[in-house]
Amino acid sequence: MSIIENLTRLKSEIPDHVKLIAVSKTMPPGDILVAYETGHRRFGENKVQELSSKYPVLPADIQWHFIGHLQTNKVKQIVQFVHMIESVDSFKLLKEIQKQAEKTDRVVNCLLQFHIAEEESKFGLDLEEATAILTSPELATWKHIRLCGVMGMATYTEDMAHVRREFNHLKQIFRTLKVSYFQATDSFSEISMGMSGDFREAIDEGSTIVRIGSLIFGERNYKTSS
Ligand SMILES: *Cc1c(COP(=O)(O)O)cnc(C)c1O
């Protein structure tokens, strides 16, 4: 199957209210261009260095979503052009995004990443940590970030009932935060969950953004990527 066929098939399956992020990590710019030329504009990358090297050689109207763990000292390398940082997992990181975005006079869309999986390795906040961020008096003064919702990754397992419970948990977190802190704003509206192996379950559970890589571009070969 080609990238174009994969994208077309996926788009026929994903409802209109759900945004598809084509996760292009490890894939060459040529593959991204193939998808771009079908009209697709939203792409996802998880490494600062890789995104920084792809950005200048690809069309400027691509909306880049950053979906990997982001170190505060690397924020400035992507802040000028990134459309959304989906992986905000600390107060310190959010503060740095605000600071760097202010310097370039941009407003950067952000999602709070939650730890919903069983695996220890996955990054993310819990409700208590998110509450500490959202109740911080400083937050109201930060005009260069826009909190748009939540992101999470489910446990990597065949047990789809388990995966659904984790997605449902993220949706409950979203609702709790929305009611408590975002009553007055429409911009807090996104739930980013679902990848190649679990996007159908995620959409059933209320996802508004799915991040799909291998179903579009094929399996990743990490040996030849840097
Ligand atoms: C790689 C990645 C994806 C896409 O994974 P696939 O299984 O290839 O669809 C989605 N989200 C994040 C955070 C990723 O790192």
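Points to keep in mind about this one:
- Listing Leu33, Leu125 from fewest to most neighbouring C-beta atoms within 10 Å gives Leu33, Leu125.
- Backbone amide hydrogens, once placed in the peptide plane, bring Arg42 within less than 5 Å of Ala22, Gln63, excluding anything fewer than 5 places away on its chain.
- Highest-MSF residue in the chain out of His115, His69, His17 [GNM, Cα springs under 10 Å]: His17
- Highest average first, the peptides 144-155, 208-219, 171-182 ordered by how many other beta carbon atoms sit within 10 Å of their residues are 144-155, 208-219, 171-182.
- Near the amide H of Val88, within less than 5 Å, lie the amide hydrogens of Leu111, Gln113, all on another chain or at least 5 residues away, with H placed in the peptide plane.
- Temperature 20 °C, viscosity 1.002 mPa s: under these conditions the Stokes-Einstein estimate for the chain, based on its Kirkwood radius over C-alpha pairs, is 120 µm² per second.
- Average Cα contact separation per residue, the stretch 143-226, under 8 Å, 6 or more apart, as relative contact order %: 29
- In the stretch 56-146, GluC sites (Glu not before Pro) in a DSSP loop with at most 14 other beta-carbon atoms within 10 Å: Glu118, Glu119, Glu120
- Each part reduced to its alpha carbon centroid, the stretch 43-116 and the stretch 6-33 end up 19 Å apart.
- The stretch 184-197 - phi-based ³J(HN,Hα) in whole Hz, Karplus 6.51/-1.76/1.60, Gly and Pro as x: 8, 10, 8, 6, 7, 9, 10, 10, 8, 8, x, 10, 3, x
- Label sites at Leu134 and Gln172, each approximated as a point 7 angstrom past Cα along Cα to Cβ, lie 1.5 nm apart.
- Each peptide among 1-7, 201-207 gets the average number of other Cβ atoms lying within 10 Å of its residues, and from highest to lowest they stand as 201-207, 1-7.
- Residue pairs exceeding 29 angstrom between C-alpha atoms, taken from Lys54/Lys103; Lys11/Lys95; Lys11/Lys76: Lys11/Lys95; Lys11/Lys76.
- Order of Asp198, Asp105, Asp126, Asp31 under a 10 Å beta carbon neighbour criterion, fewest first: Asp105, Asp126, Asp31, Asp198
Every read-out reported here was derived from the displayed coordinates using simple, explicitly stated rules and does not represent laboratory data. Computed from a prediction, not measured in an experiment: that's the story for all the values here. Here the Cβ is made from the backbone with ideal geometry for all residues, glycine too, and neighbour counts use every protein chain on show.
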